[in-house]
Amino acid sequence: MLHVFVQSSRSVFWRRMRAPNAIDVVISVALLMIGFALAAPAAAIAGEADTANAEAVDEGADVEQLDLFLLVGQSNMAGRGKVTAEDRVIHDRVLMLDADDRWVPAVDPLHFDKPSVVGVGLGRTFGIEIAAAAPEATVGLIPCAVGGSPIDAWTPGTHYPPTDSHPWDDAIRRAKRALSDGKLRAILWHQGESDGNDSLSAAYQDKLIDLVARFRSELDAPEVPFIVGQLGQFAERPWSEGKAIVDEAHRRLPTLVPHTAFVSSDGLVHGGDQVHFDAESYRELGRRYAAAYRGLVPPPSETVQRVDFKVDLSVAHQGFDGERCWVHARAGIIPSSDASADPLAVMTTQPLLLTGSDVFYSLHTLTSPDRGNSWSAPVVASGFERQVREDGIEIIVSDFTPKWHAASGRLLGIGHTVWYQDDRVMKVRPRATAYAVYDPDRENWATWKRLQLPAEKRFENAGAGSVQRVDLDSGEVLLPIYFKDPGSSRYGVTVLRCRFDGDTLSYVGQGNELSVPIGRGLYEPSLTRFGGRYYLTLRNDEAGYVAVSDDGLHFREPRRWTFDDGAELGNYNTQQHWVSHDNALYLVYTRRAEGNDHVFRHRAPLWIAQVDPWRLTILRDTERVLVAEAGARLGNFGVTEVSTDEVWVTAAEWMQPKGVERYGSDNRIFVAKIRW
């Protein structure tokens, strides 16, 4: 009797809601609430949710314009989470194709591959997220995952005995049935556990690429987004080498196949079996898939929300003696243990000899206890003086960037080494990533160390000078570097995955390598995270470049920076850096502009503009001058995250070539405080 009542209430709902009046709405909602209030406890008592009795959308209901999403893979796509009442609540614009090929409200469990164990999955939350972002759309989910199925089961004509099914054939048939009611918007894939072994993993990448091509061909959707999710990462059950190979194939897919994305499982937990996620992790995974989909399907450019801010420009230090000047001014923040107190700002900079090229001297430190309103005078950082070898070669650390590492509670600064002979930079030289930790009690930096990289020729000249890094919640560090064989003239870029324990920075792994066959290649990379994706901005002799990644390690092909109208940005042969806010992404850069031909390589003024994170372009109507030019270049600068609503950009007037002071520069160290 209970199921009959629930079925009847749903049927009345759909009939009345096609042409509702006020009384119909009240009656329909009341019937639904009563029906599900009774149904949910019954399902819980029975130990599984009731999907077989979901009432189909009546004939004549408007299902002709559904946004369709195909859900394929194995059990972590099907879902094994515990079903609760919240998972049975109907969303009137999220439907699913049931086992009888009928459109019904999408309630968990969506799948039916193994009825005795199926439960909450990622699909329903994904559908709700998509519907929320598109109020005019109705979502149609096509559940086709099959628990335990290896990727070989997803080939035409293949029978999978454990479920007596044909995963590929069934998915294609159901997808084509659904296409009569809408348009395929994306394919969601979560699979690989069954292939993560010694005998199958080596071939997985090629099979995955083939699978994507077959889906797109068979469904006549050559550019439909294909989104792959990461296997569960559970400490109680470490990955085998085979699973790591499958994971690498998942991560690399966006770099090999257009219109694909990778979704991380970082931080998600299992439901007790060390294989399947728990219900809340499935819901979070659904949100991550939705974010990845939105990243592949950008909204119209004019709809990118413009987020304005205020700028307070101040000077931390100034004064030019005509022989040396301060450069590489970058700051880090040490939070106070007292939430009501200001953090301590620690800025590093170093002198440059004007008569040479990149002839640097010891790192110095300035501090500010009052949020940058006042600064101490520069004080030499002991231990950062030039190291003189027996052969007369001198080594120093330069291009240093301090940043707070929250997981360890340390201010970690990272730069690279420079080698001099007779006070000139050596043309062929080794280069290393140098790092140090600031001790606020001693008001000084600890002795700097070298990051140990694999003993490979390409890493003999490899460093992280003038880069922005991303610290993950786990404490791991994503550190972009640029590198080359010492005898080569062309650089490549990669992102390192490192661990930092508060004292030692250790190499764990790296992503793919990026370069272009132009000039010196790509170098001085900066990394940021925004909207669930990672972005690299890169220096090249002719233009700035940008690349995007889903995991922060594996990046798509770099492309030149342009404005949103297609015109070249005009940035070249110098660095760019990111300013990230919760609601907007910005780029800070220099470029060719009217009236700055007298500035070396057009490295002033310093501009800031909002980025279209989907099209990877600069929104021209948001561009503004952050620091005005006065003859000196400003291209070597830093970005400091002070809080969620305040970011600083620090830049020193680089007083080369000789005579730039006649335009008004005075080796000022600017602090541009950006506030939202």
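Distance between Cα centroids, region 163-189 to region 371-446: provide it in whole Å. Region 163-189 and region 371-446 have Cα centres spaced 57 Å from each other. Label positions at GLU248 and ASP308, each projected 7 Å from the Cα along the C-beta direction, are separated by 5.1 nm. Extension gain, ALA377 to THR644, is 93.3 nm, computed as 0.36 nm per intervening residue step minus the present C-alpha separation.
For the chain, the longest principal axis of the alpha carbon atoms and the long axis of helix 2-18 meet at an angle near 70°. Residues within the reach of a label modelled at ARG389 (point 7 angstrom out along Cα to beta-carbon, backbone nitrogen below 20 Å), restricted to region 406-428, are 415-428. Put a plus charge on the Cβ of each Lys and Arg, a minus charge on the Cβ of each Asp and Glu, and nothing anywhere else: the dipole of region 123-218 about its Cα centre is then about 460 debye. For LYS449 and ARG662, the difference between the fully extended length at 0.36 nm per residue and the C-alpha to C-alpha distance is 72.6 nm. Peptides 489-497, 597-605 ranked from most to least packed give 489-497, 597-605, packing being the mean of other C-beta atoms within 10 angstrom over each peptide's residues. Just to confirm my numbers, what's the Cα centroid distance between region 324-343 and region 630-676 in Å? Centre-to-centre (Cα) distance: 16 Å.
Spread over its residues, the convex hull of the C-alpha atoms of region 546-676 is 117 Å³ per residue. From the alpha carbon centroid of region 486-503 to that of region 241-272 is 22 Å.
Debye calculation, C-alpha points only, no solvent: report log10 I(q)/I(0) for region 423-474 at q = 0.12, 0.26, 0.29 Å⁻¹, in the same order as the q values. Values returned for q = 0.12, 0.26, 0.29 Å⁻¹ are -0.42, -1.11, -1.15. Between helix 167-179 and the chain there is an angle of about 80 degrees, using the helix long axis and the longest principal axis of the Cα atoms. If only the Cβ of Lys and Arg carry +1 and only the Cβ of Asp and Glu carry -1, the dipole of the chain around its Cα centre is close to 1200 debye.
In region 290-411, Cα pairs under 8 Å separated by at least six residues give a relative contact order of 21 percent. Seen from a random direction on average, the alpha-carbon convex hull of region 389-456 projects onto 6.3 square nanometres. For ASP164 and THR355, the difference between the fully extended length at 0.36 nm per residue and the C-alpha to C-alpha distance is 60.9 nm. Selection among LEU268, VAL246, PRO335 by position relative to the dipole of the chain gives PRO335 as farthest towards the positive end (Cβ unit charges, Cα centre). Just want to confirm a number: the relative contact order over region 563-650, from Cα pairs under 8 angstrom separated by 6+ residues, in percent. Relative contact order comes out at 27 percent. Across the accessible surface of region 109-158, with the other protein chains kept in place and a 1.4 Å probe, carbon and sulfur atoms take up 60 percent.
Using C-alpha pairs below 8 Å separated by at least 6 residues, the relative contact order for the chain is 9 percent.
Only one item in (i) 0.98; (ii) 1.04; (iii) 1.21 matches Rg/Rh (Cα atoms, Kirkwood Rh) derived from the coordinates shown, and that item is (ii).
Rank TRP607, PHE320, VAL94 by how far each Cα sits towards the positive end of the charge dipole of the chain (+1 on Lys, Arg Cβ; -1 on Asp, Glu Cβ) and give me just the farthest. Projecting each Cα onto the dipole axis, the largest value belongs to PHE320.
Projecting the Cα positions of HIS190, GLN656, VAL117 onto the charge dipole of the chain (unit charges on Cβ atoms of Lys, Arg, Asp and Glu, taken about the Cα centre) puts GLN656 furthest along the positive direction.
Remark: region 285-358 carries 47 Å² of accessible area per residue (probe radius 1.4 Å; ligands, DNA and RNA excluded). Descending by average beta-carbon neighbour count within 10 Å, the peptides 643-650, 123-130 line up as 123-130, 643-650, the highest first.
Approximating the spin labels as points 7 Å out from Cα along Cα→Cβ, the GLU241-to-ALA567 distance works out to 5.6 nm.
On the beta carbon distance between LYS427 and LYS176, with R0 = 51 Å, the FRET formula returns roughly 0.20.
Each of the peptides 160-171, 611-622 was scored by the mean count of other Cβ atoms within 10 Å over its residues; in descending order, highest first, they stand as 611-622, 160-171. Across region 114-124, computed HN-Hα scalar couplings (Karplus, 6.51 cos²θ - 1.76 cosθ + 1.60, θ = phi - 60°) run 9, x, 6, 10, 5, x, 5, x, 8, x, 5 Hz from first to last residue, x flagging Gly and Pro.
The values are calculated or read from the model by the stated rules, or taken from the named source; none is laboratory data. No experiment lies behind these values; they were computed from the predicted model shown. Positions of Cβ are generated from backbone atoms using ideal geometry, with glycine treated the same way; all protein chains shown enter the neighbour counts. Please note that ligands, DNA and RNA were not included when accessible areas were found on the heavy atoms of the full protein model with its side chains. Shrake-Rupley method; radii C 1.70, N 1.55, O 1.52, S 1.80 Å.
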